[in-house]
Structure formats: structure tokens, C-alpha cells
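Reviewing the structure listed below.
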Ligand code: ADP
Ligand code: MG
Ligand code: MG
């Protein structure tokens, strides 16, 4: 599904990613771990097409198409979803309205017709039920006054509604207590399917106790310095990243 080949990227003329090779098959959950500042978020921004992040070498294929040539909206329409580390608050916009706009924007870009209010609400309620979420959060303004856990749960709902092919979670676990972490993990696990791949970016191993990855990669100073299965995450929890900071340098 996703093929990253020799990806180099810069921000403000400074090279951050220094030759990333990574392949994610359909249905797989891949985790990227690594020290702060290693380029994890940069990688997620490159994949979603954020402004200011420049690819200087390499390529990224998404279901065979050149992802880097696509506009951010086209990527979203193609099924790439990024859950943010720090969800934004949008006072004055109802959460359900926001979700409907997001879903319909993607549908328009795909050339599908917009969903009407009835259709949308039916699906939204079904997803809420699936994710054990109350309808309450839908009637409030987007993320405003939400607890940390509610924001993350709301992100999982956004993801469920957009039905992405590739979902990228960038440190969605940061600052979560164990209950909220489990909620996020449950939501992700409920969305796992043979057609959907996940890239889970995390500094800590803890989340991966609940979302069991197929592959784990260590990113250090802009390079993937090690790959393995879920045991690698456990090993890192015990040993820390010191070894990789040195070896990457
Ligand atoms: P991580 O997510 O692994 O903590 P980042 O991708 O956020 O790492 O950052 C990687 C490096 O790129 C860091 O050294 C950071 O300071 C730098 N960097 C990231 N974004 C910017 C930016 N917008 N401007 C300048 N430097 C940046
Ligand atoms: Mg960071
Ligand atoms: Mg980051």
C-alpha cells in the first residue's frame, strides 16, 4: 500500500530525513518509535503534504500512485488520514457539523455525492456505538472544553468516519492516562481491517501493548536504524534510545 524509497526531506534548508525506506502492506500496523527530534513528525507531514516540508530526494508510492505529486486534499481523498498530536479546538462549530463537512469534502474530492443529513447521522450514530462513545460529544463545539481523553476519542471518531486506507497517528498517546490510552487503542483495533493500514508514531512503548504492531521501526536522526517485530518495542522500553542516538550519529 505504501512504499517509501530513499526519502530525503528538509525544513528551512536543513535536512531532517536522510534516506528513509519503508514499505507498509495493506492491513498492516507499522509503528515508528524514536527519540525526540528524530524526524517522526516530519515524516508524517511529508506523507500528508504539509507546507514547508520539502522532499529533496526519493519517492513515495501510495497504492502505486506518486503520493508526493498529489495535493493534500487529493491525498485525503485517496484515503490518507493524519491524527494530530495536538488536536485543534474550533469554538462555535458543532462537532457533528465539522465531521459532516470533513466527510463530504473527502466524498466530493473522490467524485462521490455528498451525504445528506439523515444518511450522515445514521452512520455517525452507528460509529459512535461501535466505538462506545456517547452522542454528547457530537453536540458540543469541536474539541472545545474536551478533556485530553475526549479529544483523542474524537480523533478516533473522525478517523472512523473518514474510513482511511492509511491512518497515521502521530503521538496520539502523548499525555494520555491509561484509560484514555485504552480507549484510543480500542478504537484503532476496531478499525483494523485487511484493507486499512496504520502508521503509529510513538515515543513510548506503552501504546503498543494495546495496539499490537506487525512491524516496529526505530527512527534516529532521520534514518531508520532498526526494524523488527513487536518484541523490538519491548526491548526499547527496557534499553531506551541512547544506543541509537550514538549509532545514527
Ligand atoms: P520528532 O517528531 O521525532 O520529535 P520532528 O520531525 O518534529 O521530530 O523534528 C525533527 C527535527 O526537525 C528537529 O530537529 C526539529 O527541530 C526540526 N524541525 C521540525 N520542524 C521544523 C520547522 N518547522 N522548522 C525548523 N525545524 C524544524
Ligand atoms: Mg517531538
Ligand atoms: Mg513529533
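Details
- Only beta bridges with both residues in the chain are counted; by DSSP, about 60 percent of them are antiparallel.
- Length gained when the stretch residue 11-residue 94 is fully extended (0.36 nm per residue, less Cα-Cα span): 26.4 nm
- Ranked by the mean number of other Cβ atoms within 10 Å per residue, highest first, peptides 220-227, 111-118, 31-38, 234-241 order as 31-38, 220-227, 234-241, 111-118.
- Across the stretch 29-92, Cα pairs under 8 Å and at least six residues apart give a relative contact order of 26 percent.
- Shape class of the stretch 1-141 from the alpha-carbon gyration tensor: prolate, with a/c at 1.5 or above and a/b greater than b/c.
- MRE, 222 nm, helices only [DSSP H, n ≥ 4, -39500 (n - 2.57), over the chain, to nearest 500]: -11500 deg cm²/dmol
- With contacts taken as Cα pairs under 8 Å at a separation of at least 6 residues, the chain carries a relative contact order of 28 percent.
- Gyration tensor (alpha-carbon) shape descriptor, the stretch 134-180, a/c threshold 1.5: oblate
- Annotation: for a label point projected 7 angstrom from Cα along Cα→Cβ of residue 179, residues of the stretch 121-147 with backbone N closer than 17 Å are 132-137, 146-147.
None of the figures in this text is laboratory data; all of them are computed from the coordinates on show. Just so you know, these numbers come straight off a predicted model, no measurement behind them. Every residue, glycine among them, receives a Cβ derived from its backbone with ideal geometry; neighbour counts consider all protein chains shown.
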